[in-house]
Amino acid sequence: MNKKIKQKVLITGGAGFIGSHVVRLFVNKYPNYDIYNLDNLTYAGNLENLTDVESKPNYNFIKLDISDEKEIKKLFERYRFDSVIHLAAESHVDRSINDPLSFVKTNVIGTVVLLNAFKNCWKHNFDNKLFYHVSTDEVYGTLGEEGLFTELTPYDPNSPYSASKASSDHFVRAYGETYNMPYIISNCSNNYGQNQFPEKLIPLFINNIINNKPLPVYGDGNFTRDWLYVKDHAIAIDVAFHKGKIGETYNIGGFNEWKNIDLVKLLCELMDVKLDKEKGSSEKLITFVKDRPGHDLRYAIDASKIKNELGWQPSVIFEEGLDITIDWYLENTEWLEHVTSGLYQSYYKNQYS
Ligand code: NAD
Ligand code: DAU
């Protein structure tokens, strides 16, 4: 996409974790774009994530469910978005195990509703148009002790979440093949950083340490994830959106593998210092609990394609990113209190009791 051309960009899921960082980056960096943040504000969506950009003249918010076919169609007819950056999704693996259908509704049906609305809006005249789909490395399934996911790794999803994301990726490709719709897909590894909902490993454990609650490590803790700072992911999306080749997939990752148990121990060490607690006291909260069903052993991304072809690579060192993240949660207690009140309590009880 040409940065100089004024365009209307629809960003879905912008009041969630990664989406809010993408919206902020685009609103501030591209004052010539009109940014429309579409989100139906599920438990994971929170407009407090974007208070610093809400009064900018190029920012607009639309509260709508992406699977609402009639309203989405009307919206595209009204605004005629030039491009879509699609992040809205049900995103938590544990929730997908308990309620797969809501993942199909949002991640599969919602994506197809958006693809259809985009296609019908531009009727095969797709000059300077782009559907950018944000996906996950979990579509590739699990790795053993060796190897990395590349863009050529066959899809092999293991959880209802990853199956729904894999399905949405396939639909995006199919619209490209069948209707010549210009698309780019990126598949990213585990993100961490400010504004992540405290159901995911890092913010959940920060919150539990603050509240002196057990740290529920699944299985033996020897599961590996490749961690990327959320602002680096937002930059990668910006780069691939503007410089990526139509019809291509880009893997995005941190070149930063951690076994869960090692990561949790590092987090405990940092939290002891931040909270001025006796060395080793947070670690005492570690509790090994029943494993997640179908738990993928290891994810690790080979991000050399986006590095070599588009010049993106991670910029934030993990220990520094983690430090910034912990500080943010310690400074934003009101945000944490708001998101952990109400329904969070019943989710937590159901998941961990
Ligand atoms: P999140 O759960 O924090 O946010 C998702 C957002 O989507 C929320 O604001 C929610 O309100 C909104 N949403 C959900 N259902 C909707 C619907 N039906 N209609 C409109 N809006 C809806 O998720 P996240 O972690 O920020 O992930 C964003 C995207 O990035 C997802 O597509 C996810 O699959 C992908 N991804 C996430 C990670 C990660 O580590 N978190 C890594 C790779 C890819
Ligand atoms: O890889 C990208 C994916 O990363 C994204 O597509 C998903 O949206 C995102 O949720 C994330 O999925 P994971 O399942 O890897 O993330 P989560 O934070 O839930 O778990 C990370 C690891 O920590 C995983 O091995 C499970 C483990 N875990 C998690 C929780 C919540 C625990 O041991 N205990 C826990 O309480």
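The values are calculated or read from the model by the stated rules, or taken from the named source; none is laboratory data. Remember, predicted model here, so these are calculated numbers, not experimental data. Neighbour counts run over all protein chains shown; Cβ positions are idealised from the backbone, glycine included. Keep in mind that these areas ignore ligands, DNA and RNA; they rest on the heavy atoms of the full protein, side chains included. Shrake-Rupley method; radii C 1.70, N 1.55, O 1.52, S 1.80 Å.
Tell me, which residue of the stretch 283-295 that is touching a strand residue (DSSP E or B) at 6+ places or on another chain (Cβ under 8 Å) and assigned to a loop (DSSP other than H, G, I, E, B) is surrounded by the fewest Cβ atoms within 10 Å (Cβ to Cβ)? If you could, list the steps in order and put the result at the bottom.
Residues of the stretch 283-295 touching a strand residue (DSSP E or B) at 6+ places or on another chain (Cβ under 8 Å): 285-292, 295.
Of the ones still in play, those that are also assigned to a loop (DSSP other than H, G, I, E, B) are 290-292, 295.
Numbers: K290: 9, D291: 13, R292: 14, H295: 13.
Residue satisfying both the conditions and the ranking: K290.
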Q: Hey, can you tell me all the residues within the stretch 159-208 that are away from ligand 2 (no atom under 13 Å from the Cβ) and part of a helix (DSSP H, G or I)?
A: S167, H170, F171, V172, R173, A174, Y175, G176, E177, T178, Y179
(Q) Restricting to the stretch 1-49, count the residues that are out of contact with any helix residue (DSSP H, G or I) (no Cβ under 8 Å at 6 or more places or on another chain) and either at positive phi or not in a loop (DSSP other than H, G, I, E, B) (or both). (A) 5
(Q) Taking the criterion of being away from ligand 2 (no atom under 16 Å from the Cβ) and among the hydroxyl-bearing types (S, T, Y), would at least one residue in the stretch 56-76 satisfy it? (A) yes
Q.
So in the stretch 219-241, with the set limited to residues that are under 25 Å from R24 (Cβ atoms) and open to solvent by 20 Å² or more (accessible area, probe 1.4 Å), which one is nearest to ligand 1 (Cβ to nearest atom)?
A. K231
Q | Enumeration of residues in the stretch 307-325 that are within 16 Å of ligand 2 (Cβ to nearest atom) and aliphatic (A, V, I, L, M) | A | L322
Q: Please enumerate the residues belonging to the stretch 125-141 that are of a type outside the set (A, V, I, L, M, F, W, C), more than 8 Å from ligand 1 (Cβ to nearest atom) and not in a strand (DSSP E or B).
A: N125, D127, N128, K129, Y140, G141
Q: May I ask you to verify whether I184 is of a type outside the set (D, E, K, R), within 16 Å of ligand 1 (Cβ to nearest atom) and either on the phi > 0 side of the Ramachandran plot or buried (at least 22 other Cβ atoms within 10 Å of the Cβ) (or both)?
A: yes
Q. Does the stretch 1-23 hold any residues that are in contact with a Leu (Cβ under 7 Å, 6 or more places away or on another chain) and open to solvent by 30 Å² or more (accessible area, probe 1.4 Å), and which are they?
A. M1, I18
Q) Are any residues in the stretch 246-282 acidic (D, E) and open to solvent by 40 Å² or more (accessible area, probe 1.4 Å), and if so, which ones? A) E248, E257, D262, E269, D276, E278
Q. Which of the residues belonging to the stretch 306-346 are polar (S, T, N, Q), within 17 Å of I235 (Cα to Cα) and assigned to a helix (DSSP H, G or I)?
A. N308
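If the requirement is being in contact with a Cys (Cβ under 8 Å, 6 or more places away or on another chain), among the acidic types (D, E) and buried (at least 19 other Cβ atoms within 10 Å of the Cβ), which of these qualifies: D169, D137? Can you show your working first?
Numbers: D169 fails: in contact with a Cys (Cβ under 8 Å, 6 or more places away or on another chain).
Testing whether each residue is in contact with a Cys (Cβ under 8 Å, 6 or more places away or on another chain), among the acidic types (D, E) and buried (at least 19 other Cβ atoms within 10 Å of the Cβ) leaves just D137.
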Q. Does L343 satisfy being in contact (Cβ under 8 Å) with a residue 60 or more places away in the chain, surrounded by fewer than 18 Cβ atoms within 10 Å (Cβ to Cβ), over 29 Å from N46 (Cβ atoms) and of a type in the set (A, V, I, L, M, F, W, C)?
A. no
(Q) Please go through (1) assigned to a helix (DSSP H, G or I); (2) touching a residue at least 12 places away in the same chain (Cβ under 8 Å); (3) surrounded by fewer than 20 Cβ atoms within 10 Å (Cβ to Cβ) for P154 and return the number of the only condition it doesn't satisfy. (A) (1)
Q.
Just to check your reading of the model, which residue among K349, K277, K290 is modelled with pLDDT under 95, over 30 Å from T150 (Cβ atoms), over 21 Å from the mean Cα position of the chain (by Cα) and among the basic types (K, R)?
A. K349
Q) When only residues in the stretch 67-91 that are open to solvent by 10 Å² or more (accessible area, probe 1.4 Å) and not charged (D, E, K, R) count, which is farthest from ligand 1 (Cβ to nearest atom)? A) Y79
